[in-house]
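Report on the structure given below.
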Amino acid sequence: MTEKVVLLDEQGRGIGVTDKETVHHHDTPLHLAFSCYVFNTRGELLVTRRARAKKTWPGVVTNSCCGHPAPSESFVDAVVRRLSDELGLPAPRVELLLPRFRYRAVMANGIVENELCPVFRAVTDASPVISPLEVDEYGWMSWPLFVSLVSGGELDVSPWCREQVAQLVALGSDPLTWPVADEAGLPAAARV
């Protein structure tokens, strides 16, 4: 079955669906996505390197997991699904952090990412079992070290991750105690 993504208008309302395989190109329409930052109970972040076969930002270091909710799929269900598919991880606790994060980024080859991409946190001490179609490698890193490397430009990460880290830092120094955001802040298309 072909994976579908939800297309959005500028106010975050759903205006249609399209195939995930064809949505990313030189004029990518705004669509619904999510990012998830997985931490263990020691507060270490699961950092991943995107598979080199990925269409967008192949081989780039990024946050733990990203994906697109299917039409009529809740964000939490989508996050749980992708954590299982990409990383073989259970997600006993998935929490909304940044309900209205949005970005647009252009790769060197002209392919565009254009997403309204709420950011979530998941906490687990399980060991990943990565899908080679999604992730080339992973590692656990202390949050302060990750922030320092990203902020100082010593770690080249995906453009969305760089922007998200700057916003997450504003939530406090301990990622396990960041406040959970109100779901009312999610874009209209995401409130299923």
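The values are calculated or read from the model by the stated rules, or taken from the named source; none is laboratory data. As the structure is a computational prediction, the values presented were derived from the model and not from experiment. Backbone-built Cβ (ideal geometry, glycine too); neighbour counts: all protein chains shown.
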field: All positions within segment 101-154 that are among the aliphatic types (A, V, I, L, M), farther than 20 Å from VAL76 by Cβ and touching a residue at least 12 places away in the same chain (Cβ under 8 Å)
entry: ALA105, MET107, ILE111, VAL112, VAL129, ILE130, LEU133, VAL135, MET141, VAL147, VAL150
message: So, in segment 124-136, how many residues would count as being surrounded by 13 or more Cβ atoms within 10 Å (Cβ to Cβ) and out of contact with any helix residue (DSSP H, G or I) (no Cβ under 7 Å at 6 or more places or on another chain)?
response: 3
query: Going by the conditions given, is GLY59 assigned to a loop (DSSP other than H, G, I, E, B), at positive phi and either charged (D, E, K, R) or out of contact with any His (no Cβ under 6 Å at 6 or more places or on another chain) (or both)?
result: yes
task: Just name the residue that is surrounded by the fewest Cβ atoms within 10 Å (Cβ to Cβ) out of those in segment 1-14 that are assigned to a loop (DSSP other than H, G, I, E, B) and of a type outside the set (Asp, Glu).
output: MET1
- request: Examine segment 153-165 for a residue that is modelled with pLDDT of 95 or more, outside any helix (DSSP H, G or I) and under 28 Å from PRO29 (Cα atoms), and state whether such a residue exists.
  value: yes
message: Just to verify a result, which residue in segment 67-104, among those that are among the hydrophobic types (A, V, I, L, M, F, W, C), crowded, with 21+ Cβ neighbours inside 10 Å and over 23 Å from ALA170 (Cβ atoms), is modelled with the lowest pLDDT?
response: ALA91
- request: Those residues that are among the acidic types (Asp, Glu) and assigned to a loop (DSSP other than H, G, I, E, B), I need them from segment 66-84; list them, please.
  value: GLU73
- prompt: What number of residues within segment 15-47 satisfy the criterion of being in a strand (DSSP E or B), of a type in the set (D, E, K, R) and under 23 Å from VAL157 (Cβ atoms)?
  reply: 1
task: With the condition kept exactly as written, say whether any residue in segment 9-25 is in contact with a Gly (Cβ under 8 Å, 6 or more places away or on another chain) and either over 22 Å from VAL135 (Cα atoms) or not aliphatic (A, V, I, L, M) (or both).
output: no
